[in-house]
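Working notes, structure below.
The values are calculated or read from the model by the stated rules, or taken from the named source; none is laboratory data. What you see is a predicted model; the values in this text were computed from it and never measured. Glycine gets a Cβ as well: all are built from the backbone with ideal geometry, and neighbour counts include every protein chain shown.
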Amino acid sequence: MSKLLLAGVLGAAVLAVPAWAQLDQAKSSVLIAAKQLGVTMNGKFAKFDAVINFNPSQLAQSSATVNIDMTSFDLGAGKEYNDEVQKKDWFDAAKYPKATFVSSSIKQGAPGKYDVAGKLTIKGKTQDVVVTATYKQEGGSNVFDGVLPIKRTAFNVGEGDWKDTSVVADEVQIKFHIVTAAKK
């Protein structure tokens, strides 16, 4: 009887949790832009997920979590380069296969913009960050866009000979375009 009661309570708890918007992977993207010898190089992550609980009139209850599969990175310059960034000096993806952002607060910024504070973890290093994101509704979708500048060396990305920021710049732009189905 107690197992049945526990199952009923857990079932009710699951039903009480609102169904948040589902990520539209095909329309969403997480990109990076970095400079090597002054030339901008762009890459993208093919695999990531996001859980967005956002209500502009209830920002205190809003949250965002993004998980990025570091092994899915594509620099667009061929397999040799993609394999290189997976190694220990760069992503060390065998040891740290995932990067994560977890929001701690979302505050209204300029009209249509929100300052999202949280913790970004890359390669086992966690930093407090704030990213300004735009939000708009398009048809039946919610669209979130933003650019988060980071210092790659703060996350030990580019170690050994690659730590020299005169070859690969320290600043990296993480650009995101997250599309979710509107909550019903």
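Among the candidates F101, F91, single out the residue that is part of a strand (DSSP E or B), surrounded by 15 or more Cβ atoms within 10 Å (Cβ to Cβ) and touching a residue at least 24 places away in the same chain (Cβ under 8 Å).
Selected residue: F101, the only one of F101, F91 that is part of a strand (DSSP E or B), surrounded by 15 or more Cβ atoms within 10 Å (Cβ to Cβ) and touching a residue at least 24 places away in the same chain (Cβ under 8 Å).
Of these, D69, D128, which one is without any contact (Cβ under 8 Å) to a residue 40 or more places away in the chain and surrounded by 15 or more Cβ atoms within 10 Å (Cβ to Cβ)?
None of the others qualify; the one that does is D69.
In the stretch 12-32, how many residues are modelled with pLDDT of 50 or more and either among the aromatic types (F, W, Y) or under 14 Å from F54 (Cα atoms) (or both)?
As a first pass, look at the stretch 12-32 and keep what is modelled with pLDDT of 50 or more: 20-32.
Filter once more, keeping what is either among the aromatic types (F, W, Y) or under 14 Å from F54 (Cα atoms) (or both): 20-23.
Final tally of qualifying residues: 4.
Sort out which residues of the stretch 49-88 are part of a loop (DSSP other than H, G, I, E, B) and of a type in the set (S, T, N, Q), and write them in order of number.
Once the filter is applied, which keeps residues that are part of a loop (DSSP other than H, G, I, E, B) and of a type in the set (S, T, N, Q), the stretch 49-88 yields N55, S57, Q58, S62.
Given the options K151, K175, K183, K136, name the one that is more than 15 Å from the chain's Cα centre (by Cα), modelled with pLDDT of 95 or more and of a type in the set (K, R). Can you show your working first?
On the way: K175 fails: more than 15 Å from the chain's Cα centre (by Cα); K183 fails: modelled with pLDDT of 95 or more; K136 fails: modelled with pLDDT of 95 or more.
That would be K151, the only listed residue that is more than 15 Å from the chain's Cα centre (by Cα), modelled with pLDDT of 95 or more and of a type in the set (K, R).
When you scan the stretch 174-184, how many residues do you find that are touching a Ser or Thr at 6+ places or on another chain (Cβ under 9 Å) and in a strand (DSSP E or B)?
Within the stretch 174-184, residues that are touching a Ser or Thr at 6+ places or on another chain (Cβ under 9 Å) and in a strand (DSSP E or B) number 7.
Is there a residue being assigned to a helix (DSSP H, G or I), loosely packed, with under 13 Cβ neighbours inside 10 Å and in contact (Cβ under 8 Å) with a residue 40 or more places away in the chain anywhere in the stretch 153-160?
Among the residues of the stretch 153-160, at least one is assigned to a helix (DSSP H, G or I), loosely packed, with under 13 Cβ neighbours inside 10 Å and in contact (Cβ under 8 Å) with a residue 40 or more places away in the chain, which makes the answer yes.
From (1) of a type outside the set (D, E); (2) out of contact with any helix residue (DSSP H, G or I) (no Cβ under 8 Å at 6 or more places or on another chain); (3) within 15 Å of I32 (Cβ to Cβ), pick out the condition that doesn't hold for A110.
Unmet for A110, out of (1) of a type outside the set (D, E); (2) out of contact with any helix residue (DSSP H, G or I) (no Cβ under 8 Å at 6 or more places or on another chain); (3) within 15 Å of I32 (Cβ to Cβ): (3).
This table checks each residue for (1) more than 20 Å from D161 (Cα to Cα); (2) at pLDDT below 90.
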{"site": "A34", "(1), (2)": "no, no"}
{"site": "G38", "(1), (2)": "no, yes"}
{"site": "N55", "(1), (2)": "yes, yes"}
{"site": "K88", "(1), (2)": "no, no"}
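Is it true that T165 is more than 24 Å from K47 (Cβ to Cβ) and either under 21 Å from the mean Cα position of the chain (by Cα) or in a helix (DSSP H, G or I) (or both)?
no
Regarding the stretch 111-125, can at least one residue be identified that is more than 22 Å from K47 (Cα to Cα), among the small types (G, A, S), in contact with a strand residue (DSSP E or B) (Cβ under 6 Å, 6 or more places away or on another chain) and loosely packed, with under 13 Cβ neighbours inside 10 Å?
Scanning the stretch 111-125 turns up at least one residue that is more than 22 Å from K47 (Cα to Cα), among the small types (G, A, S), in contact with a strand residue (DSSP E or B) (Cβ under 6 Å, 6 or more places away or on another chain) and loosely packed, with under 13 Cβ neighbours inside 10 Å.
Just wondering, is there one or more residues in the stretch 113-131 that are closer than 20 Å to R152 by Cβ and part of a loop (DSSP other than H, G, I, E, B)?
yes
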